[in-house]
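Here is the structure we will look at.
Values in this text are rule-based calculations from the coordinates and carry no lab data. Fair warning: this is a prediction, and the values are worked out from it, not measured in the lab. Because the Cβ atoms are built from the backbone with ideal geometry, glycine has one as well, and the counts that use them run over all protein chains shown.
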Amino acid sequence: MNIYYGFDHLPKIVRPVVTIGSFDGVHLGHSALLGEVVAQAQRIGGRSVVVTFSPHPREVLPRGGEFRLLTSTERKAELLAKQGVDELIVVEFNMAFAALSAEEFVRDYLVERLGMATLVVGYNHRFGHDRNLPEDHFECLGRQYGFEVVRASAFTFEGGKVSSSVIRNLLEIGDLEAAEKLLGHKL
């Protein structure tokens, strides 16, 4: 897996199939989404690309409460590589970046700098400071800027939600076994 820090010095990536997120923990839900990214890249003869952030947005944006990171950027990269991801772009998350709208980020970074062919998002994924956009906002952007949007299905494990927050809560109460079950790997 190739790792890039920011968008400024990216090489030409063939038909990038992109997903975006913090991917803290790279848990089973992430694995399902990443499997879709890899499959879509294979389908179109492109490269699977993950865009993630460092530091984690919750470390920058004031949301209150303590926050425990599940994985360092280095560990996240190892786990993403094991999922078959071809390219990792680590974006510095700061207040200026946080102020971008979803459209600005898609247009200026994913389309113009990366040349994105396909965007894979979770069933309810939103990003940008304008997170309260209509559910079909990415599809509208896709039509406007010429990329395909694939929405991954909701993922549950043993009937329950899998998220980094759920895993953090399990760790907080000391249930390492249940947390690692949802992660799909050792911490």
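What the Cβ-Cβ distance of Phe157 and Ser72 gives, at R0 = 25 Å and to the nearest 0.05, is a FRET efficiency of 0.55. For Asn2 and Arg107, the FRET efficiency from 1/(1 + (r/R0)^6), where r spans their Cβ atoms and R0 equals 30 Å, is about 0.80. Panel order for Leu10, Leu79, by other beta carbons found within 10 Å of each beta carbon, from fewest to most: Leu10, Leu79. Only DSSP H runs of four or more residues enter the estimate; each adds -39500 (n - 2.57), and after division by the residues of the chain the mean residue ellipticity at 222 nm equals -9500 deg cm²/dmol. For segment 2-155, the alpha-carbon coordinates run over 42, 34, 33 Å along the three principal axes, in decreasing order.
Of the peptides 169-179, 16-26, how do they stack up when ordered by the mean number of other Cβ atoms within 10 Å, highest first?
On the way: 169-179: 13.5, 16-26: 24.9.
By packing density, highest mean first, the sequence is 16-26, 169-179.
Projecting label points 7 angstrom from Cα along Cα→Cβ for Lys12 and Cys140 puts them 3.4 nm apart.
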